[in-house]
Amino acid sequence: MHFTILHLLISILLFLVLFFGIGFILNMLLRMTWIMAFIYPIVIIFVIDDVEIVEYFRQPSKSFSALWENLTTLAPADIMILLSGLIGAILSGLTMKLLRQRGYRMF
């Protein structure tokens, strides 16, 4: 399957909007401005790595080395897509902070 520039742009936009929306909703409900920016790396580890959570406690060196190997073998397009999700999560925190400073109370 070919991965074109159009697929890349749509994927970047999708991740940006998706994690902005999820972060915005979590910020309104939990009233924690940067919650999604902290949760996002954990979500990405679940997506990238196929090691179970328990294995990080049972065999930490093996699990973290497998995670590092998976991170270093990501394609540049995948890195760009994942970084756009992180940018969306950060933008949701900045937006919520700006709205609160201007007097909007969310829930």
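Where a number appears in this text, it was derived from the coordinates with a stated rule and is not lab data. Computed from a predicted structure; not experimentally measured. Every residue, glycine as well, gets a Cβ built from its backbone with ideal geometry; the counts of neighbours run over all protein chains shown.
Descriptive notes on the structure:
- The residues 15, 3, when put in order of fewest to most other Cβ atoms within 10 Å, stand as 3, 15.
- Computed from Cα atoms, the angle from the helix 76-101 axis to the main principal axis of the chain rounds to 20 degrees.
- Rounded to the nearest 10 degrees, the inclination of helix 60-72 to the longest alpha-carbon principal axis of the chain is 80 degrees.
- Across segment 13-24, coupling constants 3J(HN,Hα) worked out from phi with the 6.51/-1.76/1.60 Karplus curve, θ = phi - 60°, read 5, 5, 5, 4, 5, 4, 6, 5, x, 5, x, 5 Hz, and Gly and Pro carry x.
- The chain: C-alpha gyration tensor shape, a/c 1.5 cut-off, then a/b vs b/c: oblate
- Using a Förster distance of 41 Å, the FRET efficiency for residue 13-residue 68 (Cβ separation, nearest 0.05): 0.90
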